[in-house]
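This report concerns only the one structure given below.
The values are calculated or read from the model by the stated rules, or taken from the named source; none is laboratory data. Model, not experiment: these values are computed from the prediction. For neighbour counting, all protein chains shown are included, and Cβ atoms are generated from backbone atoms with ideal geometry for every residue, glycine included. For the accessible areas, the whole protein counts, side chains as well, though only heavy atoms, and no ligand, DNA or RNA atoms are used. Shrake-Rupley method; radii C 1.70, N 1.55, O 1.52, S 1.80 Å.
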Amino acid sequence: MRNYQKSFLVLGLYLLLGALVFYPALRIGFLGDFAADIWGSQGHWLNFAAYQWNFYLPAMVVYYGLYKIFHLSPLPYQVVHLSLIIINAWLVYLLAQGLKFKPWQCWVAGLMALFNSAGFEAYYWLSTIPKTLATSFGLTALIFLTRLRQPGGLVWGWGYLTMVTLGFAMESTGLILPLLGLILDTYLRPWPVSGHKKASLLSGLRLHLWAFGLAGSFLVMRHVLGIKPYAENLPLFAKVITFFRSILATFFHGFQDYLWLEVKGIPLTAGILIFLLAIILLLALHVKQGEERKRFITLLLLWAAACLPHTIGSHFHSRYLYFPGIFAALVLADVLGSLRLRLYARNVSWLLISLIIIGYLAFDCCVFRQTSSSYLMASQIYAAGIEKIRTYLPEIPTGTRLVVVDFPDCIYRPYNVHQGLRNNYRVLVYRNALPFHLILLYQDRNITVTFLKVSASNDGSFSPLGTPTNPEQLAKLAAAPQTVICRYVPGNPEQFVIARGGSPGAVSILK
């Protein structure tokens, strides 16, 4: 079988495995700011100052095109997004081939990249499309770089620069791509050998000067357009914690976020896992010699560099881990190769490697199943609220004011409560999306929506949106004839109740 046939066979297998694992995510509907993102893509593309920290023009073009084709049906967006995740796993496989991994290591690297996303990306089917696309561009750029140094034609160099430019234009994480390219090329480039003049210390650096120049020009353009840099003013120690927590979460696939609930605090667990990871990496480095050791060090540097954007600019959050998780997958595949070298008993080494891979995949699938159920619940609450309004108001007359009461900003996914850590994970529900969703539904940009809350903010199951109010203000609103009041009532089953202002029902649903 030819190489390209094997490559497409691997893509087909990733597609099959991804479909088998990720299919529950296809039922997750709108969440958080998704509707606001779609609404924002329908105009005002050049209002760069409103983008806050990203150059969102390419993302707006993508959202606009998807909306024009699929409108407000989530399923096609989810298929597009999950397809990108599967393609990225395949690109990791191709990159591993370019780095001279053994065939089984290439397969494992792509597999780990595919299901490392089970805890990070599979639920955000719209808002993380730019990140998955930027990762696609970044991986393609690195693949082109390996082709250029094999040796290849000049076209691969132009392809590399094009992919790097698309990467940082699509998502700010891509600004690290020139550094990643330089790190990788330090390993790939032919170094000067005594008595030969084929390469010099500076040979090949012109390509990277162009890449860094393009990134610098892009940063200048952002400043001129008024796009603000996104950087939280966190203490240095907090950034160090973010870095090491990112390293642990991407190598162990988020294991520490679940393990620390079984002990008395995260410092002990993090310390144990850092010590374990250090032993694993040092042993792998000790086993390797020559080119394999250089490659392993290069992958470690790529992995660390991929953690830098969110470490410098923000706090720890799972949605930032997809990009560095790509390089953690390559490191893990290389570590398993070291295990294969260290254990001379062939059957024992394959058995141990298989058990490790099965353990990773079993944990990923378990986490995905637990977490996707929370996102599904949140999206069902979202859909129920929209459907209630849509059913009660097939059309919105001019001058109608919609008052939504206690609509959930987020719901909490409870962990074990024996240590008082009941609400340490939340899933966004409406956030800023409801008015924009209604605008898209009714094709009317003059809808007035008011968020109010009467429930306690520290409710054990959800956090309500809106401005706190009192019974007197609610009674005045309920008396207004052009007002429609809709209230979220948590419970089992959860429900939304709705009534027109001026009717007895409008007063009763506020009690």
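Test each condition in (1) over 18 Å from Glu395 (Cα atoms); (2) of a type in the set (A, V, I, L, M, F, W, C); (3) open to solvent by 50 Å² or more (accessible area, probe 1.4 Å); (4) modelled with pLDDT of 85 or more for Val417 and report the one that comes out false.
So Val417 meets the others, but not (4).
Which members of region 420-441 meet the condition of being outside any strand (DSSP E or B), modelled with pLDDT under 80 and within 23 Å of the chain's Cα centre (by Cα)?
Residues of region 420-441 that are outside any strand (DSSP E or B), as a first pass: 420-425, 429-441.
Retained after the next criterion (residues that are modelled with pLDDT under 80): 420-425, 432.
Within region 420-441, Asn423, Asn424, Tyr425, Asn432 qualify.
Which one is modelled with the lowest pLDDT, of the residues in region 456-497 that are closer than 18 Å to Gly399 by Cα and open to solvent by less than 60 Å² (accessible area, probe 1.4 Å)?
Step one: of region 456-497, the residues closer than 18 Å to Gly399 by Cα are 476-486.
Filter once more, so that each one left must be open to solvent by less than 60 Å² (accessible area, probe 1.4 Å): 477-478, 480, 483-486.
Numbers: Leu477: 75, Ala478: 72, Ala480: 76, Thr483: 83, Val484: 86, Ile485: 86, Cys486: 87.
Looking at the filtered set, the residue picked out is Ala478.
Could you check Tyr64 against (1) open to solvent by less than 20 Å² (accessible area, probe 1.4 Å); (2) in contact with a Ser or Thr (Cβ under 6 Å, 6 or more places away or on another chain) and say which number it fails?
(1)
Report, by residue number, each residue of region 293-319 that is among the charged types (D, E, K, R) and in contact with a Lys or Arg (Cβ under 9 Å, 6 or more places away or on another chain). First the steps, then the outcome.
Of region 293-319, the ones among the charged types (D, E, K, R) are 293-295, 319.
Across region 293-319, the qualifying residues are Lys294, Arg295, Arg319.
In region 366-403, what count of residues is obtained for those that are farther than 30 Å from Lys102 by Cβ, open to solvent by less than 50 Å² (accessible area, probe 1.4 Å) and either in a helix (DSSP H, G or I) or touching a helix residue (DSSP H, G or I) at 6+ places or on another chain (Cβ under 6 Å) (or both)?
Looking only at that region, the number is 15.
Would region 355-365 turn up any residue that is under 23 Å from Gln78 (Cβ atoms) and surrounded by 16 or more Cβ atoms within 10 Å (Cβ to Cβ)?
yes
Examine region 93-104 for a residue that is of a type in the set (Gly, Ala, Ser) and within 30 Å of Ser354 (Cα to Cα), and state whether such a residue exists.
yes
Criterion first (open to solvent by 60 Å² or more (accessible area, probe 1.4 Å) and modelled with pLDDT under 85) does Asn47 satisfy it? If you could, list the steps in order and put the result at the bottom.
On the way: open to solvent by 60 Å² or more (accessible area, probe 1.4 Å): yes; modelled with pLDDT under 85: yes.
Yes: the conditions hold for Asn47.
For region 405-414, give me the residue count where each residue is at pLDDT 85 or above and surrounded by fewer than 18 Cβ atoms within 10 Å (Cβ to Cβ).
Adding up the residues that qualify gives 0.
Looking at Leu276, Leu285, Leu268, Leu261, which is the one that is over 23 Å from the mean Cα position of the chain (by Cα), modelled with pLDDT under 90 and open to solvent by less than 30 Å² (accessible area, probe 1.4 Å)?
Result of the check over Leu276, Leu285, Leu268, Leu261: Leu261.
When you go through (1) more than 16 Å from Ala96 (Cβ to Cβ); (2) surrounded by 14 or more Cβ atoms within 10 Å (Cβ to Cβ) one by one for His317, which number turns out not to apply?
Only one criterion is unmet by His317, namely (2).
Residue check, Phe237 against (1) over 29 Å from Phe316 (Cα atoms); (2) among the aromatic types (Phe, Trp, Tyr); (3) at pLDDT below 90, all met but one. Which one?
(1)
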